[in-house]
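Step one of this worksheet: look at the structure below.
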Protein chains: 2
Amino acid sequence: MDIWSYTQNGYNADDTVTNGNRFLIGNGYMGYRGTMDEWGRGEMAAVNLAGVYDQNGDQWREPVNAPNGLFAKLSVNGEELSLGKAEPSAHSQTVHFRRGTHSRDTEFAAARIQSERIVSAAEPHLLASRLTLTFKTDGRAELTTGIVTDIWDINGPHLFGHSYQTGAVLLAEARTGELDIPVAVAQAAQCGAAHDEKQEVTDTGVYRRICFDAKAGETVAVTLFSAVFTGMDGPEPGKRAAALCEQALSDGYECLVAAHEAAWEKLWQNSAVELSGCDEAARALNASLYHLHSIAPRHAGNLSIPARGLSGQTYKGAIFWDSEVFLFPVFVHTEPELAKALLRYRIETLPGALRKAAEYGFRGAFYPWESQEGGAEGCTNYNVTDVFTHRPVRTYFRDRQIHISGDIAYAFWRYYEITGDLSLMREGGAEVILQCARFYLSRAHRRVDGDDVELLDVIGPDEYHERVNNNAFTNQMAAHCMSRALALTEIFAESDPAFIDALLQKLDYKDDLARLKTVYPLLRPVFAEGEVIEQFDGYFALEDCSLETVRGRLLDEREYWGTNHGVAAHTQIIKQADVVAMTALFPALFSDETVERNWRYYEPRTEHGSSLSACMHALTACCFGRPDLAWEHFIKSASIDLAGGGKHWAGEIYIGGTHPAANGGAWMIAVLGFAGLSVRDGEITASPRLPPQITSLRFPVTVRGKRYRITVTHDGWSREEG
Amino acid sequence: MDIWSYTQNGYNADDTVTNGNRFLIGNGYMGYRGTMDEWGRGEMAAVNLAGVYDQNGDQWREPVNAPNGLFAKLSVNGEELSLGKAEPSAHSQTVHFRRGTHSRDTEFAAARIQSERIVSAAEPHLLASRLTLTFKTDGRAELTTGIVTDIWDINGPHLFGHSYQTGAVLLAEARTGELDIPVAVAQAAQCGAAHDEKQEVTDTGVYRRICFDAKAGETVAVTLFSAVFTGMDGPEPGKRAAALCEQALSDGYECLVAAHEAAWEKLWQNSAVELSGCDEAARALNASLYHLHSIAPRHAGNLSIPARGLSGQTYKGAIFWDSEVFLFPVFVHTEPELAKALLRYRIETLPGALRKAAEYGFRGAFYPWESQEGGAEGCTNYNVTDVFTHRPVRTYFRDRQIHISGDIAYAFWRYYEITGDLSLMREGGAEVILQCARFYLSRAHRRVDGDDVELLDVIGPDEYHERVNNNAFTNQMAAHCMSRALALTEIFAESDPAFIDALLQKLDYKDDLARLKTVYPLLRPVFAEGEVIEQFDGYFALEDCSLETVRGRLLDEREYWGTNHGVAAHTQIIKQADVVAMTALFPALFSDETVERNWRYYEPRTEHGSSLSACMHALTACCFGRPDLAWEHFIKSASIDLAGGGKHWAGEIYIGGTHPAANGGAWMIAVLGFAGLSVRDGEITASPRLPPQITSLRFPVTVRGKRYRITVTHDGWSREEG
């Protein structure tokens, strides 16, 4: 087994959507779905852009898909050789994790089509593909290529006022509907055979028809270069796209691929986890890191990663808590500058979080549940469609899932804890933490006749139980956030009093600082050693039935389990780790015994309906010394996109795509769970808890500018520099 | 038109259920549905008992229906003369409001069946009927009569272990399933013709078959007496029932009827409203008071009135806020001892309210939303069945409709205001108010960073909007309750310091008293003069669309409009008066202009989906001098049971029956609205605001032991004693 690639043999139309995710390539600026060169909107071909959003009418706001400049369709003697139309005698599709390339190899009766495709890891705006066409009969070949503007959208269209240029470099330009952002795609082509080329503009794009006489046994290579720029990248995106294509033509495909592969190799040097003992797991872990690298916005320095990566418009291309809780850990340990960039996105979108808090009558920063550019809240009040009435269902993710602000503050604090670097706090991180703490102050209540502080009417990570009081996870996140605000002011009071004084004054924070001191210790619940922690007030009084019982009550498999009408809502069955996630994120607060008791209580009650769930259960199982219980969760997390698993529907809404949080979770389980890696004050330690399936783990960690390689076996661990 | 009776001519099987309610007779101890003598469970014949509850399995707890001792079915020459089986040539059914009797008159080919039926207003346990059978052909007549134990139940059966006695007096005894309460029904019969009688016990009851030879033109009278006793009435209910039947036999039907009619006449002397100018309205108002008198528990002194009276098991036979807000006003003005008895029910069930508060983690008294005997909460967490999935829907009436405690305190205070009588406060009323105020203290929250006091996560009277914050009606009721607790302690501190000191000490109330003083003035919202009051936080931000728009979204006419999935839940369409009800109940707080502005805002947004709504809109329209706008609401309220209106379904659950609250509302509109009656410190005043349809109103009021007759015309009003 090649642990550095994944190949699927044969063609099955049912896999079209899943393969689009499974074989995705990308570079953080854009993602190109794992579709065939000749496919279009019907097969959900898409060039998904990071950070460019558009809202059409009152539909959901979502990221924009760019026109597809790598489209290529071959006909021989008038017969179209397209997968899904002509029957192939053989077909395979491969994604190469180490090199970051996609390839296909399809044999039709008249010709064999091979292609390799990259989204350049060296040049964010560049895509390229090389088609290798081997003919089996003599005849007239016609390759239609160009820039397709008739593209797949979930809540589109988003591009309007298309204009085109023909010539050596084709150019398609359009503007988004809502914000009038220009989007430009250029394309250049090289054909290795003598040919005629005609160009035409139709209502679906701008095309070249490359025609030549083919002979049986002959192989012709065609290389396509495409460049994408938008108004977010600066002025004159059309010119820049055309210029980049001309540059690529002049550099040549081999040169571009070399730069691309070198960039990938560097990423792997910093992050690859060598897992020995189980090739299946090793490959799945490679696939997970591959997907993370493909979507990490290295080009920007102030973007974060959407919940479905760059695999499409699912979840509105928005940034969720996934970024801070499930993606940030990989990067803060392997590529701290990128981790910093992810958090910088939260600094830059603080104004949006302040606006959202004010919208609900609160002070401080209430971060969007689904954050789009500038911190706009992408989450609507109706996030699910009822399968019985086809009506939108009022969900409370937007207004009540307040742990998001604490999750973000948690990541800022972790960044400081691991790197020892206060520069991000100075850049705005301190302000973020103070404003998040202020939000919780403002959101908290006291009973008129009691002292306890409560957070009422919230949703925790387990979204199947809406509008609950004193969710344990949420309260702990809030308490942590408030206590970190205080800790931070103390740290700066010693190291840089001028900075913190100025900040507190700017924020008019003196009174809040005093309040924080009295309030956060009173936030319920108080955890009792060795006890099962109630997920929220009244949880234990809910119907205590099995997952199978609840599943058996479904009348439609696409039914949403949550909201007031859902089958899980009034039972103890939960969507995902909630209390367990809390014990995973705050290990110092809980004894191993408490962690285990809670794990054993909540695990059978967890549907794992979210791809975020498995990771937390696995991490905690390692905590209490049972990595064997973590193994299944590890495999599930790491394999999620290879297996094509995960939920595809929430009510009637398509939620498919890749699963970056599960990818990040897989790394967390391997490195933080099995190896037990811990970094504190620049010191690295490990506490190996390898499951029997793994003989050793070897991985790099970057701490305070130095790269270390850690080796973990059943017998112990070691560390070397370099 | 006879304004003292209502007759329906002709037979239509579709009216069976409605007529059961429309033609109901009762005496507070029991109600007998307006069904034919020969009908049974299929036609929903029922002898519904007040205050006797039973729960079968995990079905809803509901009042018990007694076996039917007035069953009588005639056959002539083997042909059964039963309505719905044989075709009548003529048929009419009448309820006599003044006399409290039900009669029917049905002509079949072979015989004419007339009957008159009473549930004695003089003797709570006694029922009687007289059948007058006129034969049109010669032949063998067989009258089957007896006690039918195969009875209609919604969530039954409730009676088990039946035993029977035959003899001159038939006896059927059984026991309830849950609490093992004995229920006994006796029957005696007199037949005016020479006859044979055979008795038999079957699995549906104990019967006599009275057979005689009939001749064309001959009339035979048969009189039936039935008595009902239960274990709630004392020991040996069987013996007592048999004895009462024997006594009735000996007294004779005419004597019983005379006592019954005299009792009714006395009720009318105390309460009848002579409405001149519109006979339709006069009759509807008579019908309304008739229904109230039929179900008022005068026999008990410590029972209240269920929301559907004694018309069946709908709403579990439970006591709602209807009793204090819609029924109490009639009685406190016309029959204060009965008003006192209704409130005594709340004193006796205070322990249940304390238990319920504790169950939810609060102090004080949280009265049941649906109160059964001993203050048991009859309301479940699932009060509606979804029409699409047939699943029970989690509703929040039980746990969040907290205005109930304030409504009860409000009635206690009104009793004191109108009667000047503090004895009820001493009997326990003061304790009720203090415990209700304590509940609100305990239920209230403050923001950690603010001073406002809030009542969060509640439902107001408008049940289409669940789990809202700071419902205006609820907050005002709570503030009133808390301020009355303080006022009461001050009153007693002057008049009887020993009593109040002892009570405060017994309740350990000193700290709460101090808290009340600071808390109640901070309860939001503060009402701004002349402004539309927001029903709850965020109401104005909800979709503002028309009632027709919302109705147009229904996919099934039986859909429930509330809960998170309902068509009204996320719009400004409300079920019933909420802010308007508040302005009606606290007229002193609002200028006429404010009342009118709120009326004009909320009226078009009100579905009037509850029979409680019209009354509040009519009262307030009178307030701002527009009785013409009240007229339609008055007619709707007063006619509700004659018209057979009101909702019959909530989701998939039958909620039909009579509408005591609307009956009480009709009286309130006439007397408190149109006549503008007001009693304060023993002084009566009126502010006539007669609509054009009414020329005058004349009605009695009893104040401080004296009866007055008030006459109101368009020109003024006058008062006379007696």
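Residues in segment B:261-282: is at least one closer than 30 Å to B:Arg140 by Cβ and either buried (at least 16 other Cβ atoms within 10 Å of the Cβ) or of a type in the set (A, V, I, L, M) (or both)?
So far as segment B:261-282 goes, no, none of its residues is closer than 30 Å to B:Arg140 by Cβ and either buried (at least 16 other Cβ atoms within 10 Å of the Cβ) or of a type in the set (A, V, I, L, M) (or both).
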Test result for B:Arg355, in a helix (DSSP H, G or I), more than 14 Å from chain A (Cβ to nearest Cβ), open to solvent by 10 Å² or more (accessible area, probe 1.4 Å) and free of Cβ contacts under 8 Å to residues at least 40 places away in the same chain:
yes
Residue in segment A:440-467 that is modelled with the highest pLDDT, counting only those that are open to solvent by 10 Å² or more (accessible area, probe 1.4 Å) and more than 9 Å from chain B (Cβ to nearest Cβ)
A:Glu463
Search result, residues across segment B:685-703 that are over 26 Å from the mean Cα position of the chain (by Cα) and open to solvent by 20 Å² or more (accessible area, probe 1.4 Å)
B:Thr685, B:Ser687, B:Pro688, B:Arg689, B:Pro692, B:Gln693, B:Thr695, B:Ser696
Would you call B:Lys73 farther than 13 Å from B:Val228 by Cβ, among the charged types (D, E, K, R) and free of Cβ contacts under 8 Å to residues at least 24 places away in the same chain?
no
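Going by what's in this entry, would A:Lys706 be described as open to solvent by 10 Å² or more (accessible area, probe 1.4 Å) and farther than 30 Å from A:Gly317 by Cβ? Even if it seems obvious, please write down each step before you answer.
Values: open to solvent by 10 Å² or more (accessible area, probe 1.4 Å): yes; farther than 30 Å from A:Gly317 by Cβ: yes.
In short, yes.
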Residue hits (segment B:358-368; open to solvent by 10 Å² or more (accessible area, probe 1.4 Å) and either outside any loop (DSSP other than H, G, I, E, B) or within 19 Å of B:Arg308 (Cα to Cα) (or both)) are B:Ala358, B:Glu359
Within segment A:30-57, residues being within 22 Å of A:Phe331 (Cβ to Cβ) and open to solvent by 10 Å² or more (accessible area, probe 1.4 Å) number 2
Are any residues in segment B:580-598 under 23 Å from the mean Cα position of the chain (by Cα) and surrounded by fewer than 23 Cβ atoms within 10 Å (Cβ to Cβ), and if so, which ones?
B:Leu585
Among residues of segment B:398-423 being hydrophobic (A, V, I, L, M, F, W, C) and in contact with a strand residue (DSSP E or B) (Cβ under 6 Å, 6 or more places away or on another chain), the residue nearest to the other protein chains (Cβ to nearest Cβ) is B:Ile402
Where B:Tyr654 falls short, out of the listed (1) under 23 Å from the mean Cα position of the chain (by Cα); (2) crowded, with 18+ Cβ neighbours inside 10 Å; (3) not basic (Lys, Arg):
(2)
Applying the selection to segment A:468-489, what residues are in contact with a strand residue (DSSP E or B) (Cβ under 7 Å, 6 or more places away or on another chain) and within 12 Å of chain B (Cβ to nearest Cβ)?
A:Val468, A:Asn469, A:Asn470, A:Ala478
Take the conditions over 30 Å from the mean Cα position of the chain (by Cα), in a strand (DSSP E or B) and farther than 30 Å from A:Ala263 by Cβ and apply them to A:Thr144. Does it pass?
yes
For B:Asp58, which of the numbered conditions (1) among the acidic types (Asp, Glu); (2) touching a residue at least 24 places away in the same chain (Cβ under 8 Å); (3) out of contact with any Lys or Arg (no Cβ under 8 Å at 6 or more places or on another chain) fails to hold?
(2)
Test for B:Arg680: is it open to solvent by 20 Å² or more (accessible area, probe 1.4 Å), at negative phi and within 26 Å of the chain's Cα centre (by Cα):
no
Residues of segment B:371-387 being assigned to a loop (DSSP other than H, G, I, E, B), open to solvent by 10 Å² or more (accessible area, probe 1.4 Å) and away from chain A (no Cβ under 14 Å), in sequence order, are B:Ala376
Write out, first by first residue and then by second, each pair whose Cβ atoms fall under 8 Å of each other, whose residues are 6+ apart or on separate chains, and whose first residue, in segment B:173-184, is basic (Lys, Arg) while the second is in a strand (DSSP E or B).
B:Arg175/B:Leu159; B:Arg175/B:Phe160; B:Arg175/B:Gly161; B:Arg175/B:Pro182; B:Arg175/B:Val183
Here is a list: A:Ala621, A:Ala661. Which entry is among the small types (Gly, Ala, Ser), farther than 22 Å from A:Ile3 by Cβ, more than 23 Å from the chain's Cα centre (by Cα) and open to solvent by less than 20 Å² (accessible area, probe 1.4 Å)?
A:Ala621
Condition check for B:Arg130: more than 26 Å from B:Trp264 (Cβ to Cβ), open to solvent by 10 Å² or more (accessible area, probe 1.4 Å) and assigned to a strand (DSSP E or B)
no
Complete set of residues in segment A:224-254 that are open to solvent by 50 Å² or more (accessible area, probe 1.4 Å) and of a type in the set (S, T, N, Q)
A:Gln247, A:Ser250
Would you confirm whether or not segment A:561-579 contains a residue that is free of Cβ contacts under 8 Å to residues at least 24 places away in the same chain and within 32 Å of the chain's Cα centre (by Cα)?
yes
Out of (1) assigned to a strand (DSSP E or B); (2) at positive phi, what's the single condition that is false for A:Phe699?
(2)
Give the residues of segment A:490-535 that are touching a residue at least 60 places away in the same chain (Cβ under 8 Å), more than 13 Å from chain B (Cβ to nearest Cβ) and under 21 Å from A:Gly450 (Cβ atoms), sorted by residue number.
A:Phe527, A:Ile533
Using the structure shown, decide if A:Leu555 is surrounded by 15 or more Cβ atoms within 10 Å (Cβ to Cβ) and either within 14 Å of chain B (Cβ to nearest Cβ) or outside any loop (DSSP other than H, G, I, E, B) (or both).
no
Return the pairs, sorted by first residue and then second, in which the second residue is surrounded by fewer than 17 Cβ atoms within 10 Å (Cβ to Cβ) and in a strand (DSSP E or B), the first residue lies in segment B:125-142 and is free of Cβ contacts under 8 Å to residues at least 24 places away in the same chain, the beta carbons are less than 7 Å apart, and the residues are 6+ apart or on different chains.
none
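The values are calculated or read from the model by the stated rules, or taken from the named source; none is laboratory data. In this text the structure is predicted, and so the values were computed from the model without any measurement. Counting neighbours? That spans all protein chains shown, and the Cβs are built from the backbone with ideal geometry, glycine included. Just so you know, the surface numbers come from the protein's heavy atoms only, side chains and all, with ligands and any DNA or RNA stripped out. Shrake-Rupley method; radii C 1.70, N 1.55, O 1.52, S 1.80 Å.
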